[in-house]
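Engineer: Pasting a structure here, questions to come.
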Amino acid sequence: MAELSAHTGLAPRLISFTVNQGFGRSFNDVVNGYRVAEVKRRLAAPDARRFTLLGLALECGFNSKTTFNRIFKQFTGQAPSEWGNK
């Protein structure tokens, strides 16, 4: 949020309010949704096995394995290691 605020010159509270009103979700939920979508997109790529789940998570903006696992499950209903194993 601070980085976006500095980049746009808008107050963090205004950004937060605008995101909440526009998306009906918190700023963090919107960002995490994009991160999870990017991890899922990369897992579907033909060369996905070249990467570890943690490596993909870190590249997509998550800063810890614990947070990644929790957020991924929150958005998909599955642990990252279960994704695609149906």
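Engineer: Within the range 1-24, take every residue that is part of a loop (DSSP other than H, G, I, E, B) and out of contact with any Ser or Thr (no Cβ under 9 Å at 6 or more places or on another chain) and give me the one that is farthest from Ala79 (Cα to Cα).
Structural biologist: Per the criteria, the residue is Gly9.
Engineer: Considering only residues that are among the small types (Gly, Ala, Ser), within 12 Å of the chain's Cα centre (by Cα) and assigned to a loop (DSSP other than H, G, I, E, B), which ones fall in the range 25-63?
Structural biologist: Gly61
Engineer: State yes or no: is Gly55 farther than 26 Å from Ser26 by Cβ and out of contact with any helix residue (DSSP H, G or I) (no Cβ under 7 Å at 6 or more places or on another chain)?
Structural biologist: Details: farther than 26 Å from Ser26 by Cβ: yes; out of contact with any helix residue (DSSP H, G or I) (no Cβ under 7 Å at 6 or more places or on another chain): yes.
Yes.
Engineer: Condition first: more than 30 Å from Thr8 (Cβ to Cβ) and either touching a residue at least 40 places away in the same chain (Cβ under 8 Å) or open to solvent by 40 Å² or more (accessible area, probe 1.4 Å) (or both). Can you find one or more residues in the range 27-40 that meet it?
Structural biologist: Step one: list which residues in the range 27-40 are more than 30 Å from Thr8 (Cβ to Cβ), which gives none.
The answer is no; no qualifying residue exists.
Engineer: Output the number of residues of the range 42-86 satisfying the condition of being surrounded by 13 or more Cβ atoms within 10 Å (Cβ to Cβ), more than 11 Å from Asn32 (Cβ to Cβ) and among the hydrophobic types (A, V, I, L, M, F, W, C).
Structural biologist: Number satisfying all stated conditions: 10.
The values are calculated or read from the model by the stated rules, or taken from the named source; none is laboratory data. This is a predicted model, so every value here is computed, not measured. Using ideal geometry, Cβ is built from the backbone for each residue, glycine included, and neighbour counts are taken over all protein chains shown. Heavy atoms of the whole protein, side chains included, go into the accessibility calculation; ligands, DNA and RNA do not. Shrake-Rupley method; radii C 1.70, N 1.55, O 1.52, S 1.80 Å.
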